[in-house]
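Take a look at the structure set out below.
Laboratory data are not the source of any read-out in this text; all were calculated from the coordinates shown. Here the structure is a predicted model, which is why all the values come from computation and not from measurement. As a convention, Cβ positions derive from the backbone with ideal geometry for all residues, glycine included, and neighbour counts pool all protein chains shown.
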Amino acid sequence: MRRGQGKRKAEVKEEPCASRRRTEEEEAIQEARRRAAPSVREFKYNKKRVRLVSQGPDLKDDARCILYWMCRDQRVQDNWAFLYAQRLALKQELPLRVCFCLVPKFLEATIRHYRFMLRGLQEVAEECAELNISFHLLLGYAKDVLPTFVAEHGVGGLVTDFNPLRLPRQWVEDVRERLPEDVPFAQVDAHNIVPCWVASPKQEYSARTIRGKIHAQLPEFLTEFPPVVRHPHPPSCPAEPIAWEACYSSLQVDHTVKEVEWATPGTAAGMAVLKSFIAERLKSFSTHRNDPNKAALSNLSPWLHFGQVSTQRAILEVQKHRRNYKDSVDAFVEEAVVRRELAENFCYYNENYDSVQGAYDWAQTTLKLHAKDKRPYLYSLQELEQGTTHDPLWNAAQLQMVREGKMHGFLRMYWAKKILEWTRSPEEALQFAIYLNDRYELDGRDPNGYGGELTLVSLCLAGCLWSICGIHDQGWAERPIFGKIRYMNYAGCKRKFDVDRFERRYAPTHSQ
Ligand SMILES: Cc1cc2nc3c(=O)[nH]c(=O)nc-3n(C[C@H](O)[C@H](O)[C@H](O)COP(=O)(O)OP(=O)(O)OC[C@H]3O[C@@H](n4cnc5c(N)ncnc54)[C@H](O)[C@@H]3O)c2cc1C
């Protein structure tokens, strides 16, 4: 995106500012950003993160602003899409606007998810205001509201972030079709460290096949971010004030799934979780992350899912402790980079990422062969949802998810495999599992839930069944229902951790 004739550079100070007092850690991070470059204008921005959705000519001369349509990466700092938009705006000496399109419903999301998201966006809006950047909350689908916004505000160039899932991809396509031809439209992968389309040009088979590709490219992409700075070109008309509480009336979502207490939404709270992970839990990540009674996980998934915290920032901070906790840091990089980006790759390249047809042929075959096997128990969706099966560990895991919006990672595997065992078909298992996962998990509706190694789709049979079977479909005994798919049982869990303790912690109450 270039405009034929650049204007004279404005003499402006681009010092970052923030009225909320930064913590010591935030101040150190901000200093690191400043060391990377005073602003993104002076930064050597890696264009491989960007791809053009629609070409458009050079920026038109009468452009009045650059717009960042924020979707998935709901944060200001450490956001390559935001930075790219600011870079364009600084170069063209134009105001920068940011908008978010609030859709009335999204898959199985409930008020639990919407409140988490909207409270995070409120923080984004405040931070934007401090940086002289207008933030607009548009009610409705992007295809219906963005083209009008673009015309009304004289948007000269549009930037958005990237999500490999079907619906958000469709939103981008819909906007591309309706955007005036003279408005170039760029997309930036601000969620992955190695951009999804760069990491691999095809669907990868397993962590084993993508790991080397990711690690080879980390030196190029795992860099410090420059800061998003106070924007020197104010908008001609400021954004309308946002009636945050009133937005809720536009939503068509289930209000019965309540917010959770332990997870405070927003970037500041997410960064505090990262800080506590490094200080308190990182040391035991490599040894205790498969024990649901131990506090060893990062707990970052809700903030990573909503883009309130950047995975790249989490990795940069965690890696500073490799000298003390080598095994834990390496294990965290494996989960948060390799496995996570594998899931992105799966959803991006496999259009059946959430259905049984997405599974490899051998996996579909093994399941078909066992389709008529007698199920020891058959549960309805309601029985599963209420956690009233015969298995107290499964019920406890389900109740952890319902109450806290986050089931422990190890139990997610057990949980999904049992749904396969206790439902009429793999298709039904997958449908129930996705419904429950996306309705209750704060991190639900994420590529990790469909595609990553050892994730929902893998376990429930669609998608990449590589995980269940180790590297391939070898080495596991043929079992009823599961065929060649790796099995898990209660006795195995008992050998791994104190199952009774976990069951007591998430025992049913009368109201459940
Ligand atoms: C059946 C099933 C369903 C799942 N559904 C989801 C989901 O909806 N959303 C979701 O984000 N994750 C999902 N996962 C993956 C994983 O369980 C969670 O990411 C993890 O438990 C989140 O907790 P944490 O951030 O404390 O994890 P940590 O262990 O601290 O890991 C840090 C980050 O690494 C990534 N990660 C960890 N494990 C995996 C994995 N196996 N595959 C891909 N990325 C991983 C996540 O981004 C996670 O936040 C699912 C796994 C299974 C088996």
### Message
Let's see if you can work this out: charge +1 on each Lys and Arg Cβ, -1 on each Asp and Glu Cβ, no other charges. What is the dipole magnitude of segment 280-418 about its Cα centre, in debye to the nearest 20?
### Response
400 debye
### Query
Residue by residue, what Karplus-based ³J(HN,Hα) values in Hz, rounded to whole numbers, does segment 256-262 have, using 6.51, -1.76 and 1.60 with θ = phi - 60° and x for Gly and Pro?
8, 8, 7, 4, 9, 7, 6
### Listed residue (A36, N132, Q398) projecting farthest to the positive dipole end of the chain, Cβ model
A36
### Message
Checking the cross-link filter: which lysines have an alpha carbon closer than 21 Å to that of K60, excluding same-chain neighbours under 8 positions apart?
### Response
K7, K9, K91
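Are any of the pairs K48/K283; K275/K418; K213/K320 more than 29 Å apart by Cα-Cα distance, and if so, which? Spell out each step's value before the answer.
Numbers: K48/K283 35 Å; K275/K418 35 Å; K213/K320 23 Å.
Long pairs (Cα-Cα over 29 Å): K48/K283; K275/K418.
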### Message
Using amide H atoms built in the peptide plane, which far-off residues or other-chain residues are under 5 Å from F225 H to H?
### Response
none
### Query
If you place +1 on the Cβ of every Lys and Arg and -1 on the Cβ of every Asp and Glu, how big does the dipole about the Cα centre of segment 1-349 come out, in debye to the nearest 20?
940 debye
### Message
Using 0.36 nm times the number of residues separating D361 and N324, minus their current alpha carbon distance, what extension gain do you get?
### Response
8.9 nm
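Please compute the contact order of the chain in relative form: average sequence separation of alpha-carbon pairs under 8 Å and at least six residues apart, divided by the residue count, as a percent.
Numbers: 903 pairs, mean separation 87.0, N = 512.
With pairs under 8 Å counted, the relative contact order is 17 percent.
How much net charge surrounds L146 when only the other residues with a Cβ under 12 Å from the Cβ of L146 are counted, with Lys and Arg +1 and Asp and Glu -1?
On the way: positive: R97, K143, R176, R178; negative: D144, E152, D174, E177.
Surrounding charge for L146 is 0.
Against the empirical 2.2 N^0.38 Å scaling, what ratio does the C-alpha Rg of the chain come to? Mind dumping the intermediate values first?
Numbers: Rg = 23.3 Å, N = 512, 2.2 N^0.38 = 23.5 Å.
After normalising by residue count via 2.2 N^0.38 Å, the value is 0.99.
Can you tally the net charge around T256? Count Lys and Arg as +1, Asp and Glu as -1, for every other residue whose Cβ sits under 14 Å from the Cβ of T256. Write down the numbers at each step before the final one.
Working: positive: R112, R115, K258, R403, R439; negative: E108, D254, E259, E385.
That works out to +1.
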### Summary
Taking a label point 7 Å from the Cα of E385 along Cα-to-Cβ, the residues of segment 413-447 whose backbone nitrogen sits under 11 Å from it are 435-436, 439-440
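Stretch L139-R403 to full length: gain in nm at 0.36 nm per residue minus the Cα-Cα span?
Details: separation 264, 0.36 × 264 = 95.04 nm, distance 2.96 nm.
92.1 nm is the gain from fully extending L139 to R403.
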### Task
Neighbouring Cβ atoms within 10 Å as the yardstick, rank W80, W262 fewest first.
W262, W80
### Query
Residue farthest toward the positive end of the dipole of the chain, with Cβ of Lys/Arg at +1 and Asp/Glu at -1: which of P232, W80, H153?
W80
### Message
Rounded to the nearest 20 debye, what is the charge dipole size of segment 326-407 about its Cα centre when +1 sits on each Lys and Arg Cβ and -1 on each Asp and Glu Cβ?
### Response
360 debye
### Message
At 222 nm, what value in deg cm²/dmol follows for the chain if DSSP H runs of at least 4 each add -39500 (n - 2.57) and the sum is divided by all its residues, to the nearest 500?
### Response
-12500 deg cm²/dmol
### Selection from L96, F285, Y377 lying farthest towards where the dipole of the chain points positive, charges on Cβ
F285
#### Entry: Extended-chain gain in nm, criterion 0.36 nm per residue less alpha-carbon gap, K48 and H215
58.5 nm
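Among DSSP beta bridges lying fully in the chain, give the percent that are antiparallel, nearest 5.
20 percent
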### Query
Long-range amide H contacts for V53: which residues qualify at under 5 Å (H placed 1.01 Å from N, peptide plane, sequence gap of 5 or more or a different chain)?
F185, A186, Q187
